[in-house]
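Notes to accompany the following structure.
Read-outs: derived from the displayed coordinates by stated rules, not from any lab. Quick caveat: nothing in here was measured; it's all calculated off a predicted structure. With ideal geometry, Cβ positions are generated from the backbone for all residues, glycine too; neighbour counts draw on all protein chains shown.
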Amino acid sequence: MSSVTEPTTAVGKTADYLDDRLSLGTVIKQFGRKVFPDHWSFMLGEVALWSFVVVVLSGTFLTFFYEPSMAHTYYDGSYAPLKGAEMTVAYASSLDISFDIRGGLIMRQIHHWGALIFVAASGLHMLRVFFTGAFRKPRELNWVIGFLLFLMGMGAGFTGYSLPDDLLSGNGLRIIDGMIKGIPVIGPAVSSGFFGGEFPGTEVIPRLYSLHIMILPALIIALLAAHLLLLVIHMHTHYPGPGRRDDNVVGYPLMPVYVAKAGGFFFLVFGVIAAISALFTINPIWNYGPYDPSPVSAGTQPDWYIGWLDGALRLAPGGLDVAIFGYVIPMGVMLPIIVSLVFLVLVAVYPFIEAWVTGDKRDHHVLDRPRNAPTRTAIGAAGVTFYAVLWAGASTDLIAIFFQMSLNHVLTAMQVLLVIGPVIAYWVTKRACLALQRKDREIALHGRETGRVVRLPHGEYIEVHEPVDKYELWKLVDFKDYEPIMPRPNKKGKITVGTKLRSAISKIYFEDRIAPVSKAEYELAHADHAPAIEERAKRKPKQLKKKL
Amino acid sequence: MNPQKPMRRRPWALGVVIFLGLILSGGGYAAATQTFEAEFGSPEQVEEGRKLFLANCASCHGTNGEGAIGGPSLIGVGAASVDFQVGTGRMPGQASGPQLYKKPVQFTEEQIAAMAAYVASLAPGPAIPPEEYLRTDGDPTHGGELFRINCAMCHNAVGAGGALTEGKFAPALDGVTEKHIYEAMVTGPQNMPVFNDANLTPEDKKDIITYLKYVEENGSVGGFELGSIGPVAEGLFTWIFGLGFIIAITVWLGAKAN
Amino acid sequence: MSEVQKYDSGSATNIERPISDPGIEPHRVRMTDKSEKHAKTAERQISFMFLVSIVGAIIAVWGFVAFPIVGGDLSATRNNAFWMGIGMALSLLGIGFGAVHWAKTLMPDNEVSESRHPARSSDEARAKAIEIVKLADGESGFTRRKLIRRTLYGALAFFPIPAVVIFGDLGPQVGDTLKHTMWRAGTRLTKDPTGIPIKASEVTIGSVFHVIPEGLKDLEEHKLEEKAKAAVLLVRVNPGELKEDPEKANWSYDGIVAYSKICTHVGCPVALYEQHTHHLLCPCHQSTFDLADHCKVVFGPAARPLPQLPIAVDDEGYLVAQSDFLEPIGPSFWDIRK
């Protein structure tokens, strides 16, 4: 006795069947026209997401052919310079994928290039989120989830490139073993646990495989789901501009525009990775040979995202073993570990530090243009410089031969740069941001310089400025502005250390600031201009008469 | 007596005289300075080498190769050293610095052979390798294994080169002839260690040469190699071209259509 | 919305801006909106891209089928990878460019605004939630029944412990494995990888031999593990240039010295030997050791000199070890001096 009309078309019948079981109608009603803002910098997270999908798909193919075993075998495949060589089954199967299985090499290359792009895009996405302040309330937790995703990505990459058990990645494992052994008290035991005995052992490759195809992907997928769920709940942030406020989101609806753009973008990311993989060699394991503790290649570096850690090992000062009651702590290893951990923790907790400093508990959905948060941007620049110097530190030997310099000079220069680089970067960036803010202010108050010079009736020459329209003006003045916090006594009348510290940091953040143009200032600036100038500014410039 | 008829000059006589003169002087010169392919180390070749040595090398290496301020003693370095150093253009050395660079070769094959013969005559040392060890029909698997253990740490796993301390370096090996590779191993130029025939037998050296030439001749199956220097090049490529291209696409994607 | 303004704005200033929000900018009409001809052109472009994609997929399949890999032919491998890759790239890029171009040119590009809901639940929802939680607490007696709650915490704290302990057999006890290698008194020094023993007379000045102990080559098990500790560098230096501690003077033989090849920083092989400077350089992190002065560290992050292997010559002239290393090789660890 239902009054619902029965569907007649094939599409209708399918939709009806599914909706009866899956509440599809409700889902499409809820999400179908959800609005997403459109800016290219918002797509970096998508690049990471789609490249992760590429990596999972290509990786699945590889799992059908790769064998994670450290049993010994003799190579009998197509690559002549390794024929008859003794190696592990893991390495032999990786060679077979590369040389003797059709589609094997292209999928291996797609997998590795895809992984490099995945971590790079994640990093760039994190930088975009940082520099635009997208980590502020309510997204602090999403920042932490994203940070964990970046770490998991590094882990997945490291475990992955160690799987072929070639000389290059094997030496990387050797270095990890050396670092683990150096951990106080538990080091040698953890090393034995990780490798199943003495290095290299026969257990580490299968264990890395389990981490690489099961544990880390599961964690990444779970964290990704949480990350995207929070994105849907909070909705995406948007840049300041006309019509964009903290209580709305301006953009395009999910269906059809975003389905087409984001869906199309998946194919584009995949396609670019495939094109690169068709043309450029990545990780030529056949050149390195099987892992053996005796040989080593010049130019032994890890994949780029582990580079900063290798650089930390190279840049650490030498001779730093510390002895306590006859027990040794190798600071040459522990110092890089401690420094990297401190750096990572600072990155993870930054949103909470900034929230504490500003005291701002409101929701923030309108982003900051980086120039409008000079101290945050400067801190970010300092952090990036620190990371970049450590990263460059991993290639000291290549820099030395490429630029024909002494290896020792390059290293010493980088040690110095590691300390002074971030300081200089902070100072330069902060001053640049403040200068840009001043420029914005100038434009908001007085408009843009047109280069046209006008002579006023009383003889004065002025340059005509074209006032910005209301949309542009709004974009220039709509940003959050903070003052330093004064230390206030608490209920007991005491000014605590915490309050003093907060006040001091707040001063560093906001003491040098360019306030947004106020209504009073704006009206004053415009009152200055005689109507004659504004009239003349509107007129077309006179055509020069040709003298013939 | 009959008065002699004046000699009638034939027009072509001058041509014949000049031609004969050229043949005689040219032939005479060639005969006087003939090359010594027939026998390496013959007294004529050694003497030729000594003259070249005095003109080009003695100022640094001493008039009898005993060494001087600019250069070490060459006594006992053997013909192979000279053939390598001069044959790759490293010698005559130019500016002082941590290491010699390859430069355009300044002498002909015969001149290099002569100087090599002269230096070889000073004292026994490594000889120019025989042809049989310079062919590339050795065992590339064994060669690769030996290369990785003995050479890759300085020259990189496929011979792309590497850094040493204080501005020194191990050069890239592509384009180096089989003979020069052998000679470098056996003489240990500059800071390169010496790999005598007890350490790496001539067969071993041939296998290494076979391996290097195999790698040089067969490009990578994966495509362009980005210099074969490993993850650093790959990382730079990812950030500059991989992300660069993808970001260009995102900018296009987000821009409004015309 | 007042819900948003409920929160403390902290140290934010409250400067009145010159204008208020002017609203979304007016829509700029595209050529494809104005002109049917342009729209049709866009349609053709999009369809063309989808067709290119189809061709790409066919090329990829052809690439797979056309280049069977017959043992040893590297060009077949290259062609297979190249054509499949290019085919896949075209197939994917075609769909991608087509879809995005479609969205940009033909789908509406009017910006719209949607209200946000604060993440904070409404006051009624919160009140209801608190009510539910209190009810559940009351019905279960969780807060009221202290004994149950406390013993529950105890049980939850203890139950994961077996899950950690069960991993105890991941690896064997370390014991003193880190402090001993395969070298013994009388073990011959042999070439890596062939295992051929080395005579002292073969080690000329400027030579470097990569050494493994005799017997390592033929080990059935633990070959790489032993090699990772026993790898040695053998070098002859002019005896006049060799600085020697009187206690270790008989560890060398006529200028021939043997040192562990495993870097004391984090374990890479320290293999670069500079003949004239007699420095050993590790390629991983550039620790540099002076071979003529007990391999002490002269540059880089290492903290301990490379351990020296005492060597002698047996009656046939072959180099042999006098004993194992007298200190642990490789990276420093907690109880290395014990």
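If only the Cβ of Lys and Arg carry +1 and only the Cβ of Asp and Glu carry -1, the dipole of the stretch A:39-296 around its Cα centre is close to 1040 debye. Placing R0 at 60 angstrom, the Cβ-Cβ distance between C:S115 and C:K338 gives a FRET efficiency of 0.30 after rounding to 0.05. Rg/Rh for the stretch A:242-318 stands at 1.26; both radii use Cα atoms, and Rh follows the Kirkwood definition.
For the stretch B:131-224, a/c is not less than 1.5, where a ≥ b ≥ c are the root eigenvalues of the C-alpha gyration tensor, and a/b does not top b/c. That puts it in the oblate class.
Percent of Cα-Cα pairs more than 24 Å apart in the stretch A:87-219, please.
Details: 3808 of 8778 pairs.
For the stretch A:87-219, the fraction of Cα-Cα distances above 24 Å is 43 percent.
Compared with the direct C-alpha span, the chain from A:D76 to A:L141 gains 18.2 nm at full extension, assuming 0.36 nm per residue.
State to the nearest 20 debye the size of the charge dipole of the stretch C:31-105 about its Cα centre, where the only charges are +1 on K and R beta carbons and -1 on D and E beta carbons.
Approximately 220 debye in magnitude.
Straight-distance candidates among the aspartates and glutamates for linking to C:K191, with alpha-carbon spacing under 12 Å and chain neighbours fewer than 8 residues away dropped: C:E202, C:E214.
Charges were assigned to the Cβ only: +1 to each Lys and Arg, -1 to each Asp and Glu. The resulting dipole of the protein assembly as shown about its Cα centre is roughly 5860 debye.
Spacing of the modelled spin labels on C:D176 and A:E442, each 7 Å from Cα toward Cβ, amounts to 7.7 nm. The percentage of C-alpha pairs in the stretch B:35-123 whose separation is greater than 18 Å is 37%.
Beyond 22 Å between alpha-carbons counts as too far, so tell me which of A:K430/A:K470; C:K227/C:K261; C:K261/C:K296; A:K361/A:K470 fall in that bin. Don't skip to the end; give the middle numbers.
On the way: A:K430/A:K470 28 Å; C:K227/C:K261 10 Å; C:K261/C:K296 13 Å; A:K361/A:K470 29 Å.
Table pairs above 22 Å Cα-Cα are A:K430/A:K470; A:K361/A:K470.
When Lys and Arg each count +1 and Asp and Glu each count -1, what net charge do the other residues less than 14 Å away from A:L268, Cβ to Cβ, add up to? Neighbour charge sum, excluding A:L268 itself: +1.
To the nearest whole percent, what portion of all C-alpha pairs in the protein assembly as shown is separated by more than 55 angstrom? Walk me through the intermediate numbers first.
Numbers: 230538 of 653796 pairs.
So the portion of pairs separated by more than 55 Å is 35 percent.
Using alpha carbons only, the radius of gyration of chain B set against its Kirkwood radius gives Rg/Rh = 1.23.
The residue among A:G123, A:P7, A:A520 whose Cα reaches farthest toward the positive pole of the charge dipole of chain A, with charges on the beta-carbon of Lys, Arg, Asp and Glu, is A:A520.
If R0 is 25 Å, what FRET efficiency do you get for A:A432 and A:A525 from their C-beta distance, rounded to 0.05? Please report the intermediate quantities before stating the final value.
Working: r = 25 Å, r/R0 = 0.99.
After rounding, the FRET efficiency stands at 0.50.
Summarising the label geometry, the points placed 7 Å from Cα in the beta-carbon direction at A:M486 and C:E244 lie 8.0 nm from one another. Pairs of Lys residues in chain B, spaced 8 or more positions apart or belonging to different chains, with C-alpha separations under 13 angstrom: 4 in total.
Taken along the Cα-to-beta-carbon direction at a fixed 7 Å, the label points for A:T499 and B:E225 span 6.9 nm.
Using the Cβ of A:Y79 as centre and a radius below 13 Å, the other residues enclosed give a net charge of -3, where K and R count +1 and D and E count -1.
In nm, what is the difference between 0.36 nm times the number of residues separating B:D197 and B:A13 and their Cα-Cα distance?
On the way: separation 184, 0.36 × 184 = 66.24 nm, distance 6.39 nm.
Full extension of this stretch gives 59.8 nm more.
Give me the distance between the Cα centres of the stretch A:432-465 and the stretch C:39-85, rounded to whole Å. If you average the Cα positions of each part, the centres end up 57 Å apart.
What FRET efficiency comes out for C:L219 versus B:E132 if R0 is 56 angstrom and r is the Cβ-Cβ distance? Round to the nearest 0.05.
Details: r = 35 Å, r/R0 = 0.63.
Efficiency, from the Cβ-Cβ distance: 0.95.
When the square roots of the Cα gyration tensor eigenvalues are ordered a ≥ b ≥ c, the ratio a/c for the stretch B:183-228 is 1.5 or more and a/b does not exceed b/c, which makes its shape oblate. Think of it as helices only: each DSSP H run of n ≥ 4 in chain C is worth -39500 (n - 2.57), and spread over all residues that comes to -11000 deg cm²/dmol at 222 nm.
Per DSSP H run of at least 4 residues, take -39500 (n - 2.57); add these up for chain B, divide by its residues and hand me the 222 nm value, nearest 500 deg cm²/dmol.
Values: 11 runs with 121 residues, N = 258.
The per-residue figure over chain B is -14000 deg cm²/dmol.
Of B:A55, B:G97, B:Y118, which is farthest on the positive side of the dipole of the stretch B:43-122, counting Cα position, with +1 on Lys and Arg Cβ, -1 on Asp and Glu Cβ, and the Cα centre as origin? With unit charges placed on the Cβ atoms, the residue in question is B:G97.
Net charge in the neighbourhood of C:Q308 (other residues with Cβ under 14 Å of its Cβ; Lys, Arg +1, Asp, Glu -1) is -2.
If I build a Gaussian network model for chain C, linking alpha-carbon pairs within less than 10 angstrom, which residue out of C:F209, C:F142, C:F97 has the largest mean-square fluctuation? Highest fluctuation of the listed residues: C:F97. Per residue, the Cα convex hull of the stretch C:107-196 amounts to 385 Å³.
The alpha carbons of the stretch A:360-510 give a radius of gyration and a Dmax of 23.4, 70 Å, in that order.
Expected output is a single nm value to one decimal: the length gained when fully extending between A:M214 and A:F31, i.e. 0.36 nm times separation in residues minus the C-alpha distance. What is it?
Numbers: separation 183, 0.36 × 183 = 65.88 nm, distance 3.13 nm.
This chain segment gains 62.7 nm when fully extended.
Along the positive direction of the dipole of the stretch A:355-421 (beta-carbon charges: Lys, Arg +1; Asp, Glu -1; about the Cα centre), which of A:I379, A:M405, A:G393 reaches farthest? After comparing all options, I get A:I379.
Across chain C the C-alpha pair distances fall into 10 Å bins from zero in the proportions 5, 14, 13, 8, 10, 15, 16, 13, 7, 1 percent. Each Cα pair of chain A feeds into the Kirkwood radius, which the Stokes-Einstein equation turns, at 20 °C and 1.002 mPa s, into a diffusion coefficient of 76 µm²/s.
Estimated from helices alone, the mean residue ellipticity of chain A at 222 nm is -19500 deg cm²/dmol (sum of -39500 (n - 2.57) over DSSP H runs with n ≥ 4, per residue). Is the stretch C:31-105 best put as rounded, prolate or oblate by its Cα gyration tensor, with a ≥ b ≥ c the root eigenvalues, rounded for a/c under 1.5, and otherwise prolate when a/b is larger than b/c, oblate when not? Since a/c reaches 1.5 and a/b is larger than b/c, the shape of the stretch C:31-105 is classed as prolate.
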